[in-house]
Number of protein chains: 2
Amino acid sequence: MNKEYKEKVALKNKLAKYYLGQAKKNGLSDTKLLKKYLPLELRNRFLDRGIIIAHLDFERVADAIANHKPYAIVSGANPSSALHLGHKAVFDLVSEYAKYGGQVFIPLTNDESYVDGKVNSLEEGNKNAHEKIIPLLPRFGLEKSVVFTDSDYPEIYVMAMEIAGMLDCEAVRMAFGDKAVKNVGQMFYRGGVQIAQILLPQIPKYGGPKPTLVPVGIDQHPYVLLARDIAKRMGLVPPSELVIKLQSSLKDPEEKMSKSKQGTAIFLDDSKDVIKKKINAAYTGSVSKLEDHRNLGGVPEIDAAFNLLLFHHPDDKLMATIHADYRKGRLTGGDVKRIATDFIVDCLIPSV
Amino acid sequence: MNKEYKEKVALKNKLAKYYLGQAKKNGLSDTKLLKKYLPLELRNRFLDRGIIIAHLDFERVADAIANHKPYAIVSGANPSSALHLGHKAVFDLVSEYAKYGGQVFIPLTNDESYVDGKVNSLEEGNKNAHEKIIPLLPRFGLEKSVVFTDSDYPEIYVMAMEIAGMLDCEAVRMAFGDKAVKNVGQMFYRGGVQIAQILLPQIPKYGGPKPTLVPVGIDQHPYVLLARDIAKRMGLVPPSELVIKLQSSLKDPEEKMSKSKQGTAIFLDDSKDVIKKKINAAYTGSVSKLEDHRNLGGVPEIDAAFNLLLFHHPDDKLMATIHADYRKGRLTGGDVKRIATDFIVDCLIPSV
């Protein structure tokens with residue numbers, strides 16, 4: 001058997017197993033029942049295509065929607081860089097679930113950028129947020145959200161202090177690991193501010209206790225757990241969690257898109273040429289020899305271009321066709337790259 | 001020799017040695033030079049009577065005063081209880097040094113009360129501050145100070161976050177000990193908020209960098225050191241420190257007045273009868289048998305009533321007389337208690 005193909009299949013299986021294992025290990029619920037029982041209007045590409053891999057108490061939010069009760073969605077962004085397609089995917093998902101009347105909260109965590117050393121000051125993060133993120137929110141229909149940078153909304157710190165008094169440093173260290181809470185700012189951010197952000201929709205100013213949806217990557221699961229504990233102690237509704245796969249790096253299916261690793265992310269303000277070049281150089285799920293590819297087929301799950309389509313293309317039927325054709329070798333890796341390039345350029349570059 | 005007397009003298013020596021040792025160990029400057037060179041108007045009972053035991057860079061503040069330059073004094077209070085004579089002593093000292101135009105800052109640390117578990121919520125501490133502390137500040141001529149409770153002044157948290165990003169948790173743990181930074185709130189308070197309070201007078205809003213005086217008990221010395229380090233990194237003037245003896249407990253010369261230990265403190269709103277009873281039951285520097293006392297004399301330094309006079313009575317000559325007469329046995333412990341009671345009642349109970 002073709003060694004290259006074998007490796008790609010092994011990688012695909014490894015990733016699938018990783019997500020399954022993480023969901024199980026952390027006591028999360030899988031999405032089978034959701035897919036079976038959720039009303040059609042709460043289905044979307046994220047759920048149907050397995051981008052949402054698990055959840056905790058999503059039913060609480062689904063019930064609120066079904067019964068026209070208030071609910072909220074919290075999804076922050078770290079303003080250490082411009083927005084990339086990974087952010088777009090999350091904002092699209094937020095937008096999907098917000099359309100039944102959910103109140104959206106978008107904390108822009110310039111304090112997180114700063115305490116993690118990704119910017120040199122709170123001001124730098126604040127400037128990024130105001131120049132590179134806030135102006136783009138209307139693209140996602142999120143301009144009516146509660147949007148703030150943490151340092152411009154210091155009330156969040158008062159709430160964080162209240163929470164921080166209930167949490168031992170040791171518990172936060174266990175949840176996040178020593179490195180993530182090395183300095184005092186990281187400790188207070190992860191053991192206070194981040195939790196306050198999730199619980200913020202439930203303060204009297206925003207209408208009191210209500211189901212709250214928090215979409216996160218699996219690595220952020222510990223802080224949802226902490227927030228759920230704190231919610232109970234404060235008499236609030238424990239927030240519901242959607243665990244999502246994060247948009248993978250263009251270069252490595254095991255990594256996330258990241259501004260700090262060059263060439264791994266497509267930014268919302270990249271030019272047509274840059275997008276083309278980046279996708280062209282991206283990791284492929286197809287073996288090198290065309291002849292072998294025609295015989296064996298591709299591995300779409302680990303193909304960077306296919307994943308761009310999977311996360312962003314709205315057309316389910318088209319996606320099924322591309323998946324099948326690529327899988328069977330009827331489409332080449334190059335074909336998928338071309339389709340993805342055209343689609344992403346269309347998405348991101350405003351036509352004149 | 002009388003065993004009781006011997007023990008009392010030993011205790012006096014032990015305390016003197018403790019303060020000297022602490023000052024040396026921590027690299028503080030002693031007050032000898034200050035007493036020699038400070039202009040008379042900067043002398044006061046706190047310096048002359050050894051209540052100020054050491055300092056760090058006090059010259060910087062003295063220079064600002066001599067040259068009519070801006071300077072500030074920061075002295076917070078923990079609103080976990082009503083004010084007692086220990087607080088009065090510190091506020092009197094602040095008042096002394098403020099009279100040459102110093103800008104006074106009085107952070108009321110309801111977050112500290114909360115994270116240390118001395119009140120159940122930030123609100124409870126806030127209420128204490130507004131009911132039990134702020135109304136009394138005019139008594140000390142401090143009504144024009146910058147006064148706030150931390151949670152009502154959340155800008156302090158933004159500054160604290162900036163500082164917290166520069167300080168490793170480990171450094172804070174080393175400075176304060178594990179127990180004092182057990183929960184995340186304590187970590188952020190001691191490794192962020194408290195330092196922000198000391199540096200607050202130097203932000204642009206209050207006129208920028210300037211010498212700042214911080215009177216503290218020896219146990220608070222580590223946080224002044226941290227604040228001095230941070231000040232340098234932020235391009236601010238390292239704050240100057242006055243280390244003071246704190247008003248001793250009525251029951252034990254080795255302890256401080258504390259609301260949490262009953263009968264150790266006289267509160268500013270105690271009634272005449274309560275004051276009388278507390279002083280009457282206080283620890284004395286005199287041996288039990290009158291005959292022995294007349295022979296051996298008393299040990300004023302460890303006498304609770306004498307210490308009340310030492311910290312609060314403005315008349316240096318009278319104090320010298322009382323000291324000498326008590327020391328020689330001409331005044332008894334009971335006499336000193338009576339003098340102290342009359343004086344403290346006069347101080348605290350408004351005459352009708």
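The values are calculated or read from the model by the stated rules, or taken from the named source; none is laboratory data. A quick note: this is a predicted structure, and the numbers were derived from the prediction, not measured. All Cβ positions, glycine included, derive from the backbone under ideal geometry; neighbour counts span all protein chains shown.
Over 30 Å from B:Asp168 (Cβ atoms) and assigned by TED's automatic domain parsing to the domain that holds A:Pro239 - does that describe any residue in the range A:109-127?
Just the residues of the range A:109-127 that are over 30 Å from B:Asp168 (Cβ atoms), to begin with: none.
Scanning the range A:109-127 turns up no residue that is over 30 Å from B:Asp168 (Cβ atoms) and assigned by TED's automatic domain parsing to the domain that holds A:Pro239.
Looking at this structure, is B:Ile218 in contact with a helix residue (DSSP H, G or I) (Cβ under 6 Å, 6 or more places away or on another chain), modelled with pLDDT of 95 or more and away from chain A (no Cβ under 13 Å)? Lay out the reasoning, then the answer.
Numbers: in contact with a helix residue (DSSP H, G or I) (Cβ under 6 Å, 6 or more places away or on another chain): yes; modelled with pLDDT of 95 or more: no; away from chain A (no Cβ under 13 Å): yes.
Criteria not met by B:Ile218.
Quick check: is even one residue across the range A:151-162 surrounded by fewer than 23 Cβ atoms within 10 Å (Cβ to Cβ) and more than 10 Å from every other protein chain (Cβ to nearest Cβ)?
The answer is no; no qualifying residue exists.
Look through A:Arg173, A:Arg233 and report the one residue that is of a type in the set (Lys, Arg), within 14 Å of another protein chain (Cβ to nearest Cβ) and without any contact (Cβ under 8 Å) to a residue 60 or more places away in the chain. Steps first, please.
Values: A:Arg233 fails: without any contact (Cβ under 8 Å) to a residue 60 or more places away in the chain.
When all the criteria are applied, what remains is A:Arg173.
Working only within the range A:311-351, note down all residues that are touching a Pro at 6+ places or on another chain (Cβ under 8 Å) and closer than 17 Å to A:Arg45 by Cβ. Let's see the steps before the verdict.
Start the filter on the range A:311-351 by keeping residues that are touching a Pro at 6+ places or on another chain (Cβ under 8 Å), which leaves A:322-323, A:326-327, A:336.
Listed by number, the residues that qualify are A:Ile322, A:His323.
What are the residues in the range B:39-64 that are modelled with pLDDT of 85 or more and of a type in the set (A, V, I, L, M, F, W, C), if any? Give the steps one after another, and end with the answer.
If we filter the range B:39-64 for residues that are modelled with pLDDT of 85 or more, which is where we start, we get B:43-64.
Once the filter is applied, which keeps residues that are modelled with pLDDT of 85 or more and of a type in the set (A, V, I, L, M, F, W, C), the range B:39-64 yields B:Phe46, B:Leu47, B:Ile51, B:Ile52, B:Ile53, B:Ala54, B:Leu56, B:Phe58, B:Val61, B:Ala62, B:Ala64.
Quick one: in the range A:201-210, of everything that is in a helix (DSSP H, G or I) and in contact (Cβ under 8 Å) with a residue 60 or more places away in the chain, which residue is farthest from the other protein chains (Cβ to nearest Cβ)? Break it down stepwise before answering.
Step one: filter the range A:201-210 for residues in a helix (DSSP H, G or I), giving A:201-202, A:204-206.
Adding the requirement that they be in contact (Cβ under 8 Å) with a residue 60 or more places away in the chain leaves A:201-202, A:206.
Numbers: A:Pro201: 19, A:Gln202: 17, A:Tyr206: 17 Å.
Among them, the one singled out is A:Pro201.
Residues in the range A:61-82 that are over 15 Å from the mean Cα position of the chain (by Cα) and buried (at least 18 other Cβ atoms within 10 Å of the Cβ): how many?
Number of matching residues: 8.
List every residue pair whose Cβ atoms sit under 6 Å apart, with the two residues 6 or more apart in sequence or on different chains, where the first one lies in the range A:314-332 and is modelled with pLDDT under 95 and the second, anywhere, is buried (at least 17 other Cβ atoms within 10 Å of the Cβ).
If the second residue must be buried (at least 17 other Cβ atoms within 10 Å of the Cβ), no pairs are left.
With respect to the numbered conditions (1) farther than 28 Å from A:Asp63 by Cβ; (2) facing chain B (nearest Cβ under 9 Å); (3) surrounded by 21 or more Cβ atoms within 10 Å (Cβ to Cβ), which one is the sole condition not fulfilled by A:Gly125?
(2)
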